[in-house]
1. Classify the stretch 432-551 as rounded, prolate or oblate from the Cα gyration tensor: take a ≥ b ≥ c as the square roots of its eigenvalues, call it rounded if a/c is under 1.5, otherwise prolate when a/b beats b/c and oblate if not.
2. Need the C-alpha centroid separation for the stretch 308-341 versus the stretch 106-168, integer Å.
3. Using the Cα centre of the chain as origin and beta-carbon charges of +1 (Lys, Arg) and -1 (Asp, Glu), tell me which of Pro424, Gly361, Ser397 is placed farthest towards the positive end of the dipole.
4. Return the distance in nm (one decimal) between the two label points of a simple spin-label model at Tyr433 and Asp346, each offset 7 Å from Cα along Cα→Cβ.
5. Where a Cα-Cα gap under 16 Å defines reach, which lysines qualify for Lys429, not counting those fewer than 8 residues away within the same chain?
6. So, with +1 on the Cβ of K and R and -1 on the Cβ of D and E, and no other charges, what is the size of the charge dipole of the chain about its Cα centre, to the nearest 20 debye?
7. Label points 7 Å out from Cα along the Cβ direction at Arg93 and Glu263: separation in nm?
8. List the pairs from Lys478/Lys533; Lys323/Lys362; Lys495/Lys545; Lys75/Lys230; Lys177/Lys241 whose alpha-carbon separation is above 21 Å, in the order I gave them.
Amino acid sequence: MHRGTAKPQRARPEVLSVSLCVGKMTAQEVRLCGLLLREHFGEVVEKVGTHLVKNGAQNLRTIIHETGLSLDLIKKSLCVLVQHGVCVFRSGRRGPGSPTEYRTCPDLILRILRYPRYIYTAKTLYGDTGELIIEELLQRGHMTMSGTVKTVADRLTQNMEEGRSMDYNEVTSAFSKLVETHFLQRCPPMAAAAAKTDTATPATPATPGTPAAPVSTTLPTPESFPDCYKVPHVTLIGRGKRQLSTEDGEDQRNAKRPKLDTENHGDEGIYWQVNFERFHLHFRDQAIIGAVANKLDQTSSEIVRTMLRMSEVTTLPTATCTKPLSANEIFKSLPATYNIPRPILDQYLTLLVDDPMEFVGKAGESGGGMYVVNLNRALANLARATLESVVQERFGSRSARIFRLLLRKRHLEQKQVEDFAMIPAKEAKDMLYTLLSQNLVQLQEIPKTPDYAPSRTFYLYTVNQLPTARMLLQNSFKTVANLIERRLFESSNSKRLLEKSQRIEAILASLQASGAEPEQLTEVEEMITAPEKQQLESLRLHINKLDSAENQVDETIFLLESYVNSTATSTS
(Lines give C-alpha, C1' and ligand atoms only; values in the text may rest on other atoms or scores of the structure.)
Protein backbone atom coordinates (compact mmCIF):
# COMPACT_ATOMS: atom_id res chain seq x y z
CA MET A 1 0.00 0.00 0.00
CA HIS A 2 1.10 3.56 -0.65
CA ARG A 3 2.48 5.43 2.38
CA GLY A 4 2.17 9.19 2.52
CA THR A 5 5.12 11.38 3.42
CA ALA A 6 3.11 14.19 4.96
CA LYS A 7 0.34 13.83 7.49
CA PRO A 8 -2.98 15.19 6.12
CA GLN A 9 -5.10 17.44 8.36
CA ARG A 10 -7.87 15.69 10.24
CA ALA A 11 -11.45 16.69 9.62
CA ARG A 12 -13.16 18.48 12.50
CA PRO A 13 -15.22 16.10 14.64
CA GLU A 14 -18.96 16.50 14.22
CA VAL A 15 -21.14 17.51 17.11
CA LEU A 16 -24.56 16.07 16.44
CA SER A 17 -27.73 15.90 18.49
CA VAL A 18 -30.81 13.80 17.94
CA SER A 19 -34.07 15.65 17.58
CA LEU A 20 -36.55 14.06 19.95
CA CYS A 21 -39.73 15.28 21.53
CA VAL A 22 -38.08 15.52 24.94
CA GLY A 23 -34.43 15.75 23.93
CA LYS A 24 -32.02 18.55 23.15
CA MET A 25 -32.18 20.21 19.78
CA THR A 26 -29.55 21.83 17.63
CA ALA A 27 -29.43 25.60 17.26
CA GLN A 28 -30.69 25.36 13.67
CA GLU A 29 -33.77 23.36 14.71
CA VAL A 30 -34.57 25.80 17.53
CA ARG A 31 -34.21 28.74 15.13
CA LEU A 32 -36.49 27.07 12.56
CA CYS A 33 -39.10 26.28 15.26
CA GLY A 34 -39.13 29.94 16.27
CA LEU A 35 -39.58 31.16 12.70
CA LEU A 36 -42.45 28.74 12.04
CA LEU A 37 -44.22 29.74 15.27
CA ARG A 38 -43.78 33.46 14.49
CA GLU A 39 -45.10 33.12 10.95
CA HIS A 40 -48.21 31.12 11.92
CA PHE A 41 -49.07 32.34 15.44
CA GLY A 42 -47.26 35.63 16.07
CA GLU A 43 -44.31 36.89 18.10
CA VAL A 44 -45.78 36.26 21.57
CA VAL A 45 -46.49 32.58 20.86
CA GLU A 46 -43.04 32.33 19.27
CA LYS A 47 -41.40 33.64 22.47
CA VAL A 48 -43.27 31.19 24.72
CA GLY A 49 -42.83 28.23 22.34
CA THR A 50 -39.11 28.84 21.75
CA HIS A 51 -38.56 29.19 25.50
CA LEU A 52 -40.16 25.78 26.11
CA VAL A 53 -38.20 24.23 23.23
CA LYS A 54 -34.92 25.43 24.73
CA ASN A 55 -35.66 24.71 28.40
CA GLY A 56 -37.93 21.65 28.35
CA ALA A 57 -40.86 21.11 30.74
CA GLN A 58 -41.69 24.11 32.96
CA ASN A 59 -44.58 25.21 35.15
CA LEU A 60 -46.54 28.41 34.64
CA ARG A 61 -44.74 30.40 37.34
CA THR A 62 -41.32 29.62 35.85
CA ILE A 63 -42.47 30.55 32.33
CA ILE A 64 -43.78 33.93 33.59
CA HIS A 65 -40.56 34.63 35.49
CA GLU A 66 -38.16 33.71 32.67
CA THR A 67 -40.03 35.19 29.67
CA GLY A 68 -41.18 38.41 31.36
CA LEU A 69 -44.61 38.22 29.71
CA SER A 70 -47.92 38.80 31.46
CA LEU A 71 -49.95 35.89 32.83
CA ASP A 72 -52.79 36.57 30.37
CA LEU A 73 -50.51 36.50 27.31
CA ILE A 74 -48.80 33.30 28.42
CA LYS A 75 -52.12 31.56 29.07
CA LYS A 76 -53.39 32.52 25.63
CA SER A 77 -50.12 31.40 24.00
CA LEU A 78 -50.23 28.04 25.77
CA CYS A 79 -53.87 27.61 24.71
CA VAL A 80 -52.86 28.16 21.06
CA LEU A 81 -49.99 25.67 21.32
CA VAL A 82 -52.16 23.05 23.06
CA GLN A 83 -54.98 23.57 20.52
CA HIS A 84 -52.57 22.72 17.69
CA GLY A 85 -51.10 19.73 19.52
CA VAL A 86 -47.53 21.06 19.77
CA CYS A 87 -47.68 21.53 23.55
CA VAL A 88 -48.74 19.03 26.23
CA PHE A 89 -49.28 19.45 29.96
CA ARG A 90 -48.90 16.90 32.72
CA SER A 91 -48.67 16.78 36.49
CA GLY A 92 -45.35 17.98 37.83
CA ARG A 93 -42.34 15.72 38.08
CA ARG A 94 -42.58 15.74 41.89
CA GLY A 95 -45.81 13.77 41.83
CA PRO A 96 -49.49 14.49 42.53
CA GLY A 97 -50.24 17.96 43.80
CA SER A 98 -47.20 19.58 42.20
CA PRO A 99 -47.73 22.43 39.67
CA THR A 100 -48.72 21.42 36.15
CA GLU A 101 -45.82 21.48 33.71
CA TYR A 102 -45.93 22.38 30.02
CA ARG A 103 -43.58 21.18 27.34
CA THR A 104 -43.48 21.43 23.57
CA CYS A 105 -42.79 18.71 21.03
CA PRO A 106 -40.33 20.30 18.58
CA ASP A 107 -40.87 17.56 15.98
CA LEU A 108 -44.53 18.59 15.71
CA ILE A 109 -43.58 22.27 15.36
CA LEU A 110 -41.30 21.36 12.45
CA ARG A 111 -44.27 19.57 10.81
CA ILE A 112 -45.77 23.04 10.16
CA LEU A 113 -43.22 23.30 7.35
CA ARG A 114 -44.92 20.33 5.66
CA TYR A 115 -48.51 21.64 5.83
CA PRO A 116 -48.69 22.55 2.11
CA ARG A 117 -47.59 19.02 1.20
CA TYR A 118 -50.24 17.44 3.43
CA ILE A 119 -52.94 19.61 1.84
CA TYR A 120 -51.76 18.90 -1.72
CA THR A 121 -51.67 15.15 -1.03
CA ALA A 122 -55.26 15.24 0.30
CA LYS A 123 -56.33 17.12 -2.84
CA THR A 124 -54.61 14.53 -5.06
CA LEU A 125 -56.24 11.58 -3.29
CA TYR A 126 -59.68 12.94 -2.35
CA GLY A 127 -60.25 16.06 -4.46
CA ASP A 128 -61.22 19.56 -3.31
CA THR A 129 -63.34 18.24 -0.43
CA GLY A 130 -60.46 16.26 1.08
CA GLU A 131 -58.16 19.24 0.58
CA LEU A 132 -60.42 21.61 2.53
CA ILE A 133 -61.00 19.07 5.34
CA ILE A 134 -57.25 18.72 5.92
CA GLU A 135 -56.73 22.47 5.57
CA GLU A 136 -59.39 23.28 8.18
CA LEU A 137 -58.00 20.76 10.66
CA LEU A 138 -54.45 22.04 10.18
CA GLN A 139 -55.55 25.65 10.63
CA ARG A 140 -57.59 25.00 13.78
CA GLY A 141 -55.64 22.14 15.35
CA HIS A 142 -58.62 19.88 16.04
CA MET A 143 -62.35 20.03 15.36
CA THR A 144 -65.47 17.90 15.66
CA MET A 145 -66.65 16.01 12.60
CA SER A 146 -69.91 17.97 12.39
CA GLY A 147 -68.10 21.30 12.68
CA THR A 148 -65.63 20.34 9.98
CA VAL A 149 -68.36 19.13 7.62
CA LYS A 150 -70.38 22.34 7.98
CA THR A 151 -67.36 24.62 7.51
CA VAL A 152 -66.08 22.75 4.45
CA ALA A 153 -69.57 22.57 2.88
CA ASP A 154 -69.96 26.34 3.34
CA ARG A 155 -66.56 27.03 1.75
CA LEU A 156 -67.32 24.77 -1.23
CA THR A 157 -70.74 26.37 -1.69
CA GLN A 158 -69.11 29.82 -1.68
CA ASN A 159 -67.05 28.86 -4.75
CA MET A 160 -69.94 27.27 -6.65
CA GLU A 161 -72.17 28.90 -9.20
CA GLU A 162 -75.18 30.83 -7.98
CA GLY A 163 -78.04 28.48 -7.07
CA ARG A 164 -75.81 25.47 -6.38
CA SER A 165 -74.63 24.21 -2.99
CA MET A 166 -72.67 21.33 -1.46
CA ASP A 167 -74.57 18.58 0.33
CA TYR A 168 -73.38 17.71 3.84
CA ASN A 169 -73.50 14.00 2.96
CA GLU A 170 -70.81 14.39 0.30
CA VAL A 171 -68.42 16.06 2.76
CA THR A 172 -69.26 13.45 5.42
CA SER A 173 -68.41 10.69 2.92
CA ALA A 174 -65.01 12.27 2.16
CA PHE A 175 -64.35 12.69 5.90
CA SER A 176 -65.18 9.02 6.51
CA LYS A 177 -62.81 7.93 3.71
CA LEU A 178 -59.98 9.94 5.28
CA VAL A 179 -60.64 8.20 8.60
CA GLU A 180 -60.85 4.75 6.99
CA THR A 181 -57.44 5.25 5.38
CA HIS A 182 -56.11 6.59 8.73
CA PHE A 183 -55.26 10.07 7.43
CA LEU A 184 -57.49 11.41 10.22
CA GLN A 185 -57.69 10.12 13.79
CA ARG A 186 -59.48 10.96 17.00
CA CYS A 187 -57.68 13.11 19.54
CA PRO A 188 -56.92 11.20 22.74
CA PRO A 189 -59.73 12.00 25.23
CA MET A 190 -58.38 14.17 28.01
CA ALA A 191 -59.97 12.13 30.81
CA ALA A 192 -58.52 8.88 29.47
CA ALA A 193 -55.12 10.49 28.91
CA ALA A 194 -55.09 11.77 32.49
CA ALA A 195 -56.07 8.33 33.77
CA LYS A 196 -53.24 6.70 31.83
CA THR A 197 -50.79 9.22 33.23
CA ASP A 198 -52.03 8.78 36.78
CA THR A 199 -51.51 5.01 36.62
CA ALA A 200 -47.79 5.65 36.46
CA THR A 201 -47.85 6.94 40.06
CA PRO A 202 -48.38 4.58 43.01
CA ALA A 203 -51.76 4.71 44.68
CA THR A 204 -50.27 4.37 48.18
CA PRO A 205 -48.94 7.55 49.77
CA ALA A 206 -45.21 7.88 50.08
CA THR A 207 -43.67 7.40 53.51
CA PRO A 208 -42.30 10.50 55.28
CA GLY A 209 -38.84 11.42 54.12
CA THR A 210 -39.19 9.50 50.88
CA PRO A 211 -39.58 11.57 47.70
CA ALA A 212 -42.67 10.86 45.63
CA ALA A 213 -42.24 8.76 42.53
CA PRO A 214 -42.02 10.90 39.42
CA VAL A 215 -44.90 10.96 37.02
CA SER A 216 -44.31 9.12 33.77
CA THR A 217 -43.56 11.47 30.87
CA THR A 218 -44.63 8.94 28.26
CA LEU A 219 -47.46 10.42 26.22
CA PRO A 220 -50.46 8.25 25.34
CA THR A 221 -50.69 7.91 21.57
CA PRO A 222 -54.03 8.17 19.75
CA GLU A 223 -53.61 4.54 18.60
CA SER A 224 -53.58 3.40 22.24
CA PHE A 225 -57.32 4.13 22.45
CA PRO A 226 -59.70 1.58 20.89
CA ASP A 227 -61.96 4.08 19.08
CA CYS A 228 -59.14 5.98 17.39
CA TYR A 229 -60.47 5.33 13.87
CA LYS A 230 -64.16 4.83 14.66
CA VAL A 231 -66.45 7.29 12.86
CA PRO A 232 -69.38 8.36 15.10
CA HIS A 233 -72.95 8.38 13.83
CA VAL A 234 -73.59 12.04 13.02
CA THR A 235 -77.11 13.36 12.36
CA LEU A 236 -76.27 16.08 9.90
CA ILE A 237 -78.79 16.88 7.16
CA GLY A 238 -78.67 19.92 4.91
CA ARG A 239 -76.51 21.82 2.46
CA GLY A 240 -73.77 24.40 2.64
CA LYS A 241 -74.79 28.03 3.09
CA ARG A 242 -73.49 30.88 0.96
CA GLN A 243 -71.92 33.67 2.97
CA LEU A 244 -72.74 37.23 1.98
CA SER A 245 -69.57 39.13 1.14
CA THR A 246 -68.96 42.60 2.52
CA GLU A 247 -66.40 45.27 1.87
CA ASP A 248 -62.78 45.17 3.11
CA GLY A 249 -62.82 41.40 3.40
CA GLU A 250 -65.06 41.33 6.45
CA ASP A 251 -66.28 37.88 5.43
CA GLN A 252 -62.70 36.57 5.48
CA ARG A 253 -62.12 37.85 8.98
CA ASN A 254 -65.39 36.36 10.19
CA ALA A 255 -64.59 33.03 8.55
CA LYS A 256 -61.64 32.57 10.90
CA ARG A 257 -63.81 32.96 13.98
CA PRO A 258 -65.34 29.72 15.25
CA LYS A 259 -69.11 29.78 14.94
CA LEU A 260 -71.18 28.86 17.95
CA ASP A 261 -73.36 25.88 17.07
CA THR A 262 -76.05 25.07 19.62
CA GLU A 263 -77.43 22.04 17.72
CA ASN A 264 -76.56 18.51 18.83
CA HIS A 265 -75.30 16.18 16.10
CA GLY A 266 -74.22 13.16 18.16
CA ASP A 267 -70.45 13.78 18.11
CA GLU A 268 -70.10 16.29 20.94
CA GLY A 269 -66.73 16.00 22.67
CA ILE A 270 -65.20 13.85 19.90
CA TYR A 271 -62.41 15.82 18.24
CA TRP A 272 -60.35 14.87 15.20
CA GLN A 273 -56.81 15.69 14.13
CA VAL A 274 -54.52 15.01 11.17
CA ASN A 275 -52.48 11.78 11.43
CA PHE A 276 -49.08 13.05 10.29
CA GLU A 277 -47.45 9.61 10.51
CA ARG A 278 -49.90 8.19 7.96
CA PHE A 279 -49.04 11.00 5.55
CA HIS A 280 -45.34 10.28 6.09
CA LEU A 281 -45.85 6.62 5.23
CA HIS A 282 -47.59 7.73 2.03
CA PHE A 283 -44.69 10.08 1.20
CA ARG A 284 -42.19 7.27 1.84
CA ASP A 285 -44.10 4.88 -0.42
CA GLN A 286 -44.33 7.48 -3.20
CA ALA A 287 -40.58 8.14 -2.96
CA ILE A 288 -39.84 4.40 -3.29
CA ILE A 289 -42.25 4.05 -6.24
CA GLY A 290 -40.71 7.06 -7.98
CA ALA A 291 -37.18 5.71 -7.47
CA VAL A 292 -38.15 2.34 -8.98
CA ALA A 293 -39.76 4.09 -11.97
CA ASN A 294 -36.60 6.13 -12.59
CA LYS A 295 -34.27 3.16 -12.15
CA LEU A 296 -36.26 0.56 -14.11
CA ASP A 297 -39.59 1.37 -15.76
CA GLN A 298 -43.23 2.24 -15.10
CA THR A 299 -44.40 -1.38 -14.96
CA SER A 300 -41.87 -2.21 -12.24
CA SER A 301 -43.01 0.78 -10.21
CA GLU A 302 -46.65 -0.32 -10.57
CA ILE A 303 -45.75 -3.78 -9.20
CA VAL A 304 -44.03 -2.16 -6.20
CA ARG A 305 -47.01 0.20 -5.75
CA THR A 306 -49.32 -2.84 -5.65
CA MET A 307 -47.14 -4.57 -3.04
CA LEU A 308 -47.07 -1.45 -0.86
CA ARG A 309 -50.84 -0.97 -1.18
CA MET A 310 -51.51 -4.60 -0.20
CA SER A 311 -49.31 -4.40 2.89
CA GLU A 312 -50.01 -0.84 4.11
CA VAL A 313 -52.51 -2.07 6.73
CA THR A 314 -50.54 -5.12 7.91
CA THR A 315 -47.08 -3.49 8.08
CA LEU A 316 -46.06 -1.54 11.17
CA PRO A 317 -44.66 1.99 10.62
CA THR A 318 -41.32 0.96 12.17
CA ALA A 319 -40.99 -2.32 10.24
CA THR A 320 -37.82 -2.84 8.21
CA CYS A 321 -39.76 -4.55 5.41
CA THR A 322 -43.34 -5.29 4.40
CA LYS A 323 -45.15 -8.55 5.16
CA PRO A 324 -44.29 -11.32 2.65
CA LEU A 325 -46.63 -11.47 -0.35
CA SER A 326 -46.88 -14.38 -2.78
CA ALA A 327 -46.55 -13.87 -6.51
CA ASN A 328 -50.12 -15.20 -6.90
CA GLU A 329 -51.49 -12.50 -4.58
CA ILE A 330 -49.53 -9.77 -6.37
CA PHE A 331 -50.79 -11.02 -9.77
CA LYS A 332 -54.44 -10.92 -8.62
CA SER A 333 -54.08 -7.43 -7.08
CA LEU A 334 -52.48 -5.71 -10.09
CA PRO A 335 -54.66 -3.01 -11.69
CA ALA A 336 -56.82 -4.19 -14.55
CA THR A 337 -55.21 -1.60 -16.86
CA TYR A 338 -51.90 -3.47 -16.55
CA ASN A 339 -52.63 -6.63 -18.50
CA ILE A 340 -49.39 -8.42 -17.55
CA PRO A 341 -49.20 -12.21 -18.17
CA ARG A 342 -48.05 -14.27 -15.21
CA PRO A 343 -44.67 -15.29 -16.76
CA ILE A 344 -43.88 -11.61 -17.44
CA LEU A 345 -44.73 -10.74 -13.80
CA ASP A 346 -42.30 -13.44 -12.61
CA GLN A 347 -39.60 -11.94 -14.81
CA TYR A 348 -40.24 -8.46 -13.41
CA LEU A 349 -40.12 -9.75 -9.83
CA THR A 350 -36.83 -11.55 -10.57
CA LEU A 351 -35.46 -8.34 -12.09
CA LEU A 352 -36.48 -6.35 -8.97
CA VAL A 353 -34.88 -8.89 -6.63
CA ASP A 354 -31.61 -8.97 -8.64
CA ASP A 355 -31.35 -5.18 -8.89
CA PRO A 356 -28.41 -3.76 -6.84
CA MET A 357 -30.74 -1.22 -5.18
CA GLU A 358 -32.49 -4.15 -3.41
CA PHE A 359 -35.88 -2.44 -3.18
CA VAL A 360 -37.56 -5.87 -3.38
CA GLY A 361 -36.34 -9.06 -1.66
CA LYS A 362 -37.34 -12.69 -1.82
CA ALA A 363 -38.53 -14.26 1.45
CA GLY A 364 -39.55 -17.79 0.36
CA GLU A 365 -40.66 -20.07 -2.45
CA SER A 366 -44.27 -20.91 -1.52
CA GLY A 367 -47.14 -19.56 -3.63
CA GLY A 368 -44.91 -18.98 -6.62
CA GLY A 369 -42.39 -17.09 -4.47
CA MET A 370 -42.77 -14.81 -1.43
CA TYR A 371 -41.63 -11.21 -1.90
CA VAL A 372 -41.15 -8.21 0.41
CA VAL A 373 -40.33 -4.52 -0.09
CA ASN A 374 -37.15 -3.69 1.84
CA LEU A 375 -38.26 -0.37 3.35
CA ASN A 376 -35.11 0.46 5.32
CA ARG A 377 -32.87 -0.56 2.45
CA ALA A 378 -34.91 1.63 0.10
CA LEU A 379 -34.61 4.62 2.46
CA ALA A 380 -30.85 4.08 2.73
CA ASN A 381 -30.54 4.08 -1.07
CA LEU A 382 -32.68 7.21 -1.39
CA ALA A 383 -30.56 8.98 1.24
CA ARG A 384 -27.41 7.84 -0.56
CA ALA A 385 -28.69 9.24 -3.86
CA THR A 386 -29.48 12.53 -2.09
CA LEU A 387 -25.94 12.77 -0.70
CA GLU A 388 -24.44 12.04 -4.11
CA SER A 389 -26.66 14.70 -5.70
CA VAL A 390 -25.60 17.31 -3.12
CA VAL A 391 -21.90 16.57 -3.70
CA GLN A 392 -22.35 16.80 -7.47
CA GLU A 393 -24.22 20.11 -7.31
CA ARG A 394 -21.74 21.72 -4.90
CA PHE A 395 -18.38 20.31 -6.02
CA GLY A 396 -18.90 18.97 -9.55
CA SER A 397 -19.15 15.61 -11.28
CA ARG A 398 -15.56 14.52 -10.57
CA SER A 399 -15.97 15.02 -6.82
CA ALA A 400 -19.24 13.10 -7.04
CA ARG A 401 -17.37 10.28 -8.80
CA ILE A 402 -14.88 10.12 -5.91
CA PHE A 403 -17.73 10.23 -3.37
CA ARG A 404 -19.59 7.36 -5.08
CA LEU A 405 -16.35 5.40 -5.29
CA LEU A 406 -15.74 5.72 -1.54
CA LEU A 407 -19.34 4.73 -0.81
CA ARG A 408 -18.87 1.51 -2.80
CA LYS A 409 -15.30 0.58 -1.85
CA ARG A 410 -15.59 1.75 1.80
CA HIS A 411 -11.86 2.39 2.43
CA LEU A 412 -9.30 3.63 -0.11
CA GLU A 413 -5.90 5.31 -0.04
CA GLN A 414 -5.33 8.48 -2.02
CA LYS A 415 -3.36 6.63 -4.73
CA GLN A 416 -6.16 4.07 -5.07
CA VAL A 417 -8.73 6.87 -5.42
CA GLU A 418 -6.66 8.40 -8.21
CA ASP A 419 -6.41 5.07 -10.05
CA PHE A 420 -10.03 3.91 -9.65
CA ALA A 421 -11.57 7.34 -10.40
CA MET A 422 -9.10 7.97 -13.28
CA ILE A 423 -8.43 11.51 -12.10
CA PRO A 424 -4.96 13.18 -12.10
CA ALA A 425 -3.17 13.05 -8.75
CA LYS A 426 -3.18 16.81 -8.10
CA GLU A 427 -6.90 17.19 -8.87
CA ALA A 428 -7.84 14.10 -6.85
CA LYS A 429 -5.86 15.39 -3.87
CA ASP A 430 -7.57 18.81 -4.01
CA MET A 431 -11.03 17.25 -4.30
CA LEU A 432 -10.42 14.82 -1.44
CA TYR A 433 -9.18 17.60 0.85
CA THR A 434 -12.16 19.78 -0.10
CA LEU A 435 -14.61 16.98 0.74
CA LEU A 436 -12.63 16.30 3.93
CA SER A 437 -12.87 19.93 5.03
CA GLN A 438 -16.66 19.82 4.53
CA ASN A 439 -16.97 16.61 6.64
CA LEU A 440 -18.38 14.76 3.63
CA VAL A 441 -15.38 12.40 3.63
CA GLN A 442 -13.59 11.05 6.70
CA LEU A 443 -9.95 10.04 7.14
CA GLN A 444 -9.00 6.90 9.06
CA GLU A 445 -5.43 6.42 10.28
CA ILE A 446 -4.00 2.91 10.58
CA PRO A 447 -0.51 3.09 12.17
CA LYS A 448 2.11 0.38 11.78
CA THR A 449 3.82 1.53 14.98
CA PRO A 450 2.43 3.11 18.16
CA ASP A 451 4.15 6.47 17.51
CA TYR A 452 1.80 7.36 14.59
CA ALA A 453 4.75 8.42 12.43
CA PRO A 454 3.42 9.63 9.04
CA SER A 455 5.89 7.49 7.10
CA ARG A 456 4.66 4.38 8.92
CA THR A 457 0.90 5.12 8.83
CA PHE A 458 -1.74 4.24 6.26
CA TYR A 459 -4.31 7.00 5.56
CA LEU A 460 -7.61 5.60 4.30
CA TYR A 461 -10.45 7.78 3.04
CA THR A 462 -14.01 6.65 3.74
CA VAL A 463 -17.62 7.91 3.80
CA ASN A 464 -19.81 7.30 6.86
CA GLN A 465 -23.29 7.63 5.38
CA LEU A 466 -25.27 8.09 8.62
CA PRO A 467 -23.20 10.95 10.16
CA THR A 468 -23.00 12.61 6.74
CA ALA A 469 -26.79 12.40 6.38
CA ARG A 470 -27.22 13.94 9.84
CA MET A 471 -24.89 16.80 8.93
CA LEU A 472 -26.74 17.43 5.68
CA LEU A 473 -30.02 17.36 7.61
CA GLN A 474 -28.78 20.19 9.85
CA ASN A 475 -27.66 22.13 6.77
CA SER A 476 -31.15 21.66 5.32
CA PHE A 477 -32.75 23.06 8.50
CA LYS A 478 -30.45 26.08 8.22
CA THR A 479 -31.35 26.54 4.54
CA VAL A 480 -35.10 26.48 5.21
CA ALA A 481 -34.71 28.96 8.08
CA ASN A 482 -32.76 31.31 5.78
CA LEU A 483 -35.45 31.01 3.09
CA ILE A 484 -38.24 31.81 5.59
CA GLU A 485 -36.31 34.80 6.98
CA ARG A 486 -35.75 36.10 3.47
CA ARG A 487 -39.42 35.70 2.58
CA LEU A 488 -40.54 37.49 5.75
CA PHE A 489 -38.04 40.28 5.04
CA GLU A 490 -39.30 40.74 1.48
CA SER A 491 -42.92 40.82 2.67
CA SER A 492 -42.23 43.32 5.47
CA ASN A 493 -40.38 45.66 3.09
CA SER A 494 -43.43 45.79 0.79
CA LYS A 495 -46.04 45.63 3.56
CA ARG A 496 -47.74 48.91 2.60
CA LEU A 497 -48.03 47.93 -1.07
CA LEU A 498 -49.37 44.46 -0.20
CA GLU A 499 -52.02 45.92 2.13
CA LYS A 500 -53.09 48.39 -0.56
CA SER A 501 -53.38 45.58 -3.10
CA GLN A 502 -55.48 43.49 -0.70
CA ARG A 503 -57.84 46.39 0.01
CA ILE A 504 -58.37 47.04 -3.71
CA GLU A 505 -58.98 43.34 -4.39
CA ALA A 506 -61.58 43.25 -1.61
CA ILE A 507 -63.33 46.33 -3.04
CA LEU A 508 -63.32 44.81 -6.54
CA ALA A 509 -64.80 41.56 -5.25
CA SER A 510 -67.54 43.48 -3.44
CA LEU A 511 -68.35 45.57 -6.52
CA GLN A 512 -68.47 42.50 -8.76
CA ALA A 513 -70.82 40.75 -6.34
CA SER A 514 -73.14 43.75 -6.34
CA GLY A 515 -73.11 43.96 -10.17
CA ALA A 516 -71.17 47.20 -10.60
CA GLU A 517 -70.55 48.83 -13.97
CA PRO A 518 -67.28 48.09 -15.85
CA GLU A 519 -66.32 51.78 -15.57
CA GLN A 520 -66.42 51.56 -11.79
CA LEU A 521 -64.25 48.46 -11.78
CA THR A 522 -61.71 50.10 -14.10
CA GLU A 523 -61.61 53.17 -11.88
CA VAL A 524 -60.83 51.07 -8.81
CA GLU A 525 -58.18 49.04 -10.67
CA GLU A 526 -56.40 52.26 -11.68
CA MET A 527 -55.83 53.09 -8.01
CA ILE A 528 -52.66 50.96 -8.34
CA THR A 529 -50.17 52.65 -10.65
CA ALA A 530 -48.17 50.85 -13.34
CA PRO A 531 -44.87 50.95 -11.36
CA GLU A 532 -46.69 49.53 -8.32
CA LYS A 533 -48.15 46.72 -10.43
CA GLN A 534 -44.68 45.90 -11.74
CA GLN A 535 -43.28 45.93 -8.20
CA LEU A 536 -46.10 43.66 -6.99
CA GLU A 537 -45.55 41.21 -9.84
CA SER A 538 -41.82 41.06 -9.13
CA LEU A 539 -42.46 40.56 -5.40
CA ARG A 540 -44.97 37.74 -5.99
CA LEU A 541 -42.60 36.01 -8.39
CA HIS A 542 -39.77 36.23 -5.87
CA ILE A 543 -41.93 34.95 -2.99
CA ASN A 544 -43.22 32.07 -5.14
CA LYS A 545 -39.63 31.04 -5.86
CA LEU A 546 -38.81 31.12 -2.14
CA ASP A 547 -41.94 29.05 -1.37
CA SER A 548 -41.01 26.51 -4.04
CA ALA A 549 -37.45 26.29 -2.67
CA GLU A 550 -38.82 25.67 0.86
CA ASN A 551 -40.95 22.78 -0.40
CA GLN A 552 -38.04 21.26 -2.31
CA VAL A 553 -35.70 21.44 0.69
CA ASP A 554 -38.46 19.93 2.86
CA GLU A 555 -38.53 16.89 0.56
CA THR A 556 -34.80 16.45 1.24
CA ILE A 557 -35.42 16.88 4.98
CA PHE A 558 -38.13 14.22 4.90
CA LEU A 559 -35.92 11.66 3.12
CA LEU A 560 -32.96 12.24 5.45
CA GLU A 561 -35.15 12.22 8.57
CA SER A 562 -36.80 8.98 7.48
CA TYR A 563 -33.40 7.39 6.87
CA VAL A 564 -31.96 8.53 10.23
CA ASN A 565 -35.08 7.37 12.09
CA SER A 566 -35.06 4.00 10.30
CA THR A 567 -31.47 3.35 11.39
CA ALA A 568 -32.38 4.29 14.97
CA THR A 569 -35.33 1.86 15.07
CA SER A 570 -33.40 -0.98 13.41
CA THR A 571 -30.53 -0.73 15.90
CA SER A 572 -32.75 -0.36 18.99
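1. Taking the square roots of the gyration eigenvalues as a ≥ b ≥ c, the stretch 432-551 is prolate.
2. 30 Å
3. The one lying farthest along the dipole's positive direction is Pro424.
4. Distance between label points: 5.9 nm.
5. Reachable lysines: Lys7, Lys415.
6. For this selection, approximately 2520 debye.
7. Computed distance between label sites Arg93 and Glu263 equals 5.0 nm.
8. Lys478/Lys533; Lys75/Lys230; Lys177/Lys241
The values are calculated or read from the model by the stated rules, or taken from the named source; none is laboratory data. This structure is a prediction, so every number in the text was calculated from the model and none was measured. Methodologically, a virtual Cβ is constructed for each residue, glycine included, from the backbone with ideal geometry; neighbour enumeration extends over all protein chains shown. Protein only, heavy atoms only, side chains kept; ligands, DNA and RNA dropped before computing areas. Shrake-Rupley method; radii C 1.70, N 1.55, O 1.52, S 1.80 Å.
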